[in-house]
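Scroll down for the structure; my scribbles are underneath it.
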Amino acid sequence: MSRQLTASVLLIVDGLFTGVLWTLAIERVWIWRRMDERAFADDFRSSIRRVDVVQPVFGLVATVLAAYYATKVSGSAQWLAFIGTALLVTVMVASVAVGVPLQKRLRAPQPDDLDISANVLEIRRVWCRMHLVRTACGVSAFALLVVAVLYP
């Protein structure tokens, strides 16, 4: 694959990946923080179920393309692309190590009479913080990759 084609596909895929991170961070996280436990759990399950379909694929493809692009350029563009790749790896590791286990806990069926307030509040607190850090890494990676592509 040529450098230009790699760069184009990289920016499209990573732009979509970063856009989803950003949208959740600026739209859902703040709403979720104001919801009661039951409403949050229901809304979170619904939102994450849709995102989980495409987001891991976009993240993996963007990471692989960023690393590949870094091998096709030199100088500062290569460093920027490698740093962008490292930030994307950070996002993916945080997702697998923190996000997915929390999401699985929240997806587990809860009997209606069980008081899940403390459990849901803790999941919400940790997941939202993790997501904001993950979003900062994703946006930073995208910015670095854009600069690496524009100034090879």
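Read-outs: derived from the displayed coordinates by stated rules, not from any lab. For clarity, every value in this text was computed on a predicted model and none was experimentally measured. So basically every Cβ, Gly included, is an ideal-geometry build from the backbone, and we count neighbours across all protein chains shown.
Just checking the listed ones, Thr71, Thr18, Thr135: in the Gaussian network model of the chain with Cα springs under 10 Å, the one fluctuating most is Thr71. State the answer as a single residue: which of Ala39, Leu121, Val133 lies farthest towards the positive end of the charge dipole of the range 3-150, with beta carbon charges of +1 for Lys and Arg and -1 for Asp and Glu, about the Cα centre. It is Val133.
Taking N as the number of residues in the chain, what is its Cα Rg relative to 2.2 N^0.38 Å?
Details: Rg = 17.5 Å, N = 152, 2.2 N^0.38 = 14.8 Å.
Taking N as the residue count of the chain, the ratio is 1.18.
Candidates Gly19, Trp79, Phe58 compared by Cα position along the dipole of the chain: farthest toward the positive end lies Trp79, with charges placed on Cβ. The ranking of Leu65, Leu102, Leu150 from fewest to most other beta carbons within 10 Å of each one's beta carbon is Leu150, Leu102, Leu65.
Shown for Tyr151, Tyr68: other C-beta atoms within 10 Å of each C-beta, ranked fewest to most, produce the order Tyr151, Tyr68.
For the chain, what is the charge dipole size about the Cα centre, in debye to the nearest 20, if Lys and Arg each add +1 at the Cβ and Asp and Glu each add -1 at the Cβ? Don't skip to the answer; put the middle values down first.
Working: 16 positive and 11 negative charges, 65 e Å.
Rounded to the nearest 20 debye, it is 320 debye.
For the chain, the membrane-span-like helices by this rule, meaning whole DSSP H stretches whose C-alpha atoms cover at least 20 Å of axis and whose Kyte-Doolittle mean is -0.5 or above, are 3-23, 37-72, 75-94, 117-150; this says nothing about an actual membrane.
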